[in-house]
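Quick notes on the structure that follows.
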Amino acid sequence: MNFPAKTAPPTTSSQETTPPGAARPGIRPGDPSRRAGPAGSAGPDAVLVPPRTVRRAPAPRLRALDGLRLIAALMVAAYHYGGRDGEISEAWGSSSKQQFPTLHEWFAYGCLGVQIFFVISGFVICMSGWGRPLRSFFISRASRLLPAYWAAVILVTVVFALPAVAYKAVSPSDALVNMTMLQQPLGVDRVLGVCWTLWAEVRFYALFALCVVLPGASRKRVIMFCACWTLAAAIAQSANEPLLDVVLMPEYAPFFIGGIGLYLVHRDRRDAYAWGIVVVSWLIGQHHAVRGLWHSPNADFFSFRTSYGIVLVVTLGFLAVAAIALGWLNRINWPWLTVAGALTYPFYLVHEHLGWVLVDVLHQDLGLSSGATLGLTLTGMLVLAWALHRGVEVRLGPFLRRSLDRSRL
């Protein structure tokens, strides 16, 4: 999941020398006291003017990517509210299949919003890490992810500790470990159900930082990174070695790699190597999606998804990011999409667990219909996401960035 602060490629600059015969900056034409010496030499009164640097205008923000992020987040929310059983069935008072007799089969595909997030993340992390030193890359990721995450962990822990809330809260010790984002490898109970995807994101950031950002991003290095990770992930899949699975993430690697390939396409749509990375990643990614989601092993997860439907959703996710990479959706440039993109991450963090509480209140306590409850719950979580963005991310993010920037490694 890409939850970056920016979606525009880094500004580049080009060197342009003053054309022959043109007046140089700082020298008045016809002023003999400030003329250069003979050609090829510099006299005592010569004024040496460095080449003039002309900065290109920053590339426009890819607002369509912000919109796609929100669509992916809403897909996941639809899955959590009506496409599976488990705690959400306790909130509804019955199975989601009974609450949404027709829509639950469509909502079940919403879990694939995670795979779309990973494709977006590959695209954006490659874009934001290009030409950036490792320290700056680390600071940007930490200041972007941690403030809203910390706030969400504290908020859910406090709400679940209330006597009126029937859902079990994690122990105080486990809640503190959750603040590190390392609860998954440490085997600690999760405060946020969705944080398993953040653990995948953190591992991707570490791989990309060590293999690409640290030595310096270049087209050749990024291509080699994608090729080596794809091969290593396939080997890890066949080796059945837990350590390799943790590091190389064979189930999710194709989506991150596919997003990286699409960023290379964004830089040069005629890059055959980039298109090869995208196609191979799509082929492997749809295989892992079908394998893991066609018939879910957990009884709480619906198995109403068809293999064709899974392949179709994965394909549409790749195509949507490809359309953005190629510039086909540049006309989708509505300013409100920037706000939508900013709300996506805090919404994703809080919607599942706090959604259970709100669904319980609206549907069982107030007696609202399933449709009204679903609509109001989504609206409520978006409002809460806006409050977290304005009250936490906008305030704490820059402070954390400045603090890390001032500190020496």
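Going by a ≥ b ≥ c, the root eigenvalues of the Cα gyration tensor, does the stretch 273-409 fall in the rounded group (a/c under 1.5), the prolate group (a/b larger than b/c) or the oblate group? Since a/c reaches 1.5 but b/c is at least a/b, the shape of the stretch 273-409 is classed as oblate. Please work out whether the stretch 177-249 counts as rounded, prolate or oblate from its C-alpha gyration tensor, where a ≥ b ≥ c are the square roots of the eigenvalues and a/c under 1.5 means rounded, while otherwise a/b larger than b/c means prolate and anything else oblate? Oblate is the answer for the stretch 177-249, as a/c is 1.5 or above yet b/c matches or exceeds a/b. A crude spin-label estimate for the pair Arg61 and Trp196, with each label 7 Å from Cα along the Cβ direction, gives 3.3 nm. Between the residues Ile235, Gly216, Pro254, the greatest Cα displacement towards the positive end of the dipole of the stretch 212-279, with unit charges on the Cβ of Lys, Arg, Asp and Glu, is found for Gly216. The dipole here belongs to the stretch 328-409: it is taken about the Cα centre, uses +1 on the Cβ of Lys and Arg and -1 on the Cβ of Asp and Glu, and is about 660 debye. Note on Met181: accessible area is roughly 20 Å² with a 1.4 Å probe, heavy atoms of protein only.
The length gained by stretching the chain between Ile71 and Ala206 to full extension, at 0.36 nm per residue less their Cα-Cα distance, is 45.9 nm. Between the amide H of Asn333 and any residue lying 5 or more places away or on another chain, no distance stays under 5 Å, with hydrogens modeled in the peptide plane. In this simple spin-label model, placing a label point 7 Å from the Cα along the Cα-to-Cβ direction at both Thr102 and Arg267 gives a separation of 4.8 nm.
Contact order for the stretch 210-292, expressed relative to its length and based on alpha carbon pairs under 8 Å spaced 6+ residues apart, stands at 28 percent.
In whole Å, how far is the Cα centre of the stretch 178-213 from that of the stretch 270-329? Taking the Cα centre of the stretch 270-329 as reference, the centre of the stretch 178-213 is 22 Å away. For trypsin sites (Lys or Arg not before Pro), the sites in the stretch 350-409 that DSSP calls loop and that have at most 11 other Cβ atoms within 10 Å are Arg408. 3J(HN,Hα) along the stretch 167-179, derived from phi through the Karplus expression 6.51 cos²θ - 1.76 cosθ + 1.60 where θ = phi - 60°, amounts to 7, 6, 8, 6, 5, x, 5, 5, 4, 5, 5, 4, 5 Hz, with x in place of Gly and Pro. Once fully extended, how much extra length lies between Leu312 and Trp334, figured as 0.36 nm per residue of separation less the alpha-carbon to alpha-carbon distance? Using 0.36 nm per residue and subtracting the Cα-Cα distance, I get 5.2 nm.
Extending 7 Å from Cα along the Cβ direction at Ile235 and again at Tyr167 yields two label points whose distance is 4.2 nm.
Rounded to whole numbers, the Karplus 3J(HN,Hα) couplings from phi for the stretch 73-79 are 5, 5, 4, 5, 5, 4, 5 Hz, using 6.51 cos²θ - 1.76 cosθ + 1.60 with θ = phi - 60°, and x at Gly and Pro.
Rounded to a whole number, what % of the accessible area of the stretch 284-334 do carbon and sulfur atoms account for, probe 1.4 Å? Answer for the stretch 284-334: carbon and sulfur cover 66 percent of the accessible area. Net charge of the neighbourhood of Met249, taken over other residues with C-beta under 15 Å away and scored Lys/Arg +1, Asp/Glu -1, is -2.
Taking all protein chains together and rolling a 1.4 Å probe, His104 ends up with roughly 10 Å² accessible. Calculated over the stretch 76-217, the projected area of the Cα convex hull averaged across directions stands at 9.7 nm². If Lys and Arg each add +1 and Asp and Glu each add -1, what is the summed charge of the other residues whose beta carbon sits under 15 Å from the beta carbon of Leu214? The answer is +4. On a C-alpha basis, how far is the centre of the stretch 105-146 from the centre of the stretch 377-396 in Å? Whole number, if you could? The stretch 105-146 and the stretch 377-396 have Cα centres spaced 19 Å from each other.
Residue by residue, the stretch 205-220 carries 3J(HN,Hα) couplings of 4, 5, 4, 5, 5, 6, 8, 10, 5, 4, x, x, 5, 8, 4, 4 Hz when phi is fed to the Karplus relation 6.51 cos²θ - 1.76 cosθ + 1.60 (θ = phi - 60°); x denotes Gly or Pro.
The values are calculated or read from the model by the stated rules, or taken from the named source; none is laboratory data. No experiment lies behind these values; they were computed from the predicted model shown. Reconstructed Cβ throughout: ideal geometry from the backbone, glycine too, with neighbour counts over all protein chains shown. To get the accessible areas, we keep the full protein, side chains included, count just its heavy atoms, and leave off ligands, DNA and RNA. Shrake-Rupley method; radii C 1.70, N 1.55, O 1.52, S 1.80 Å.
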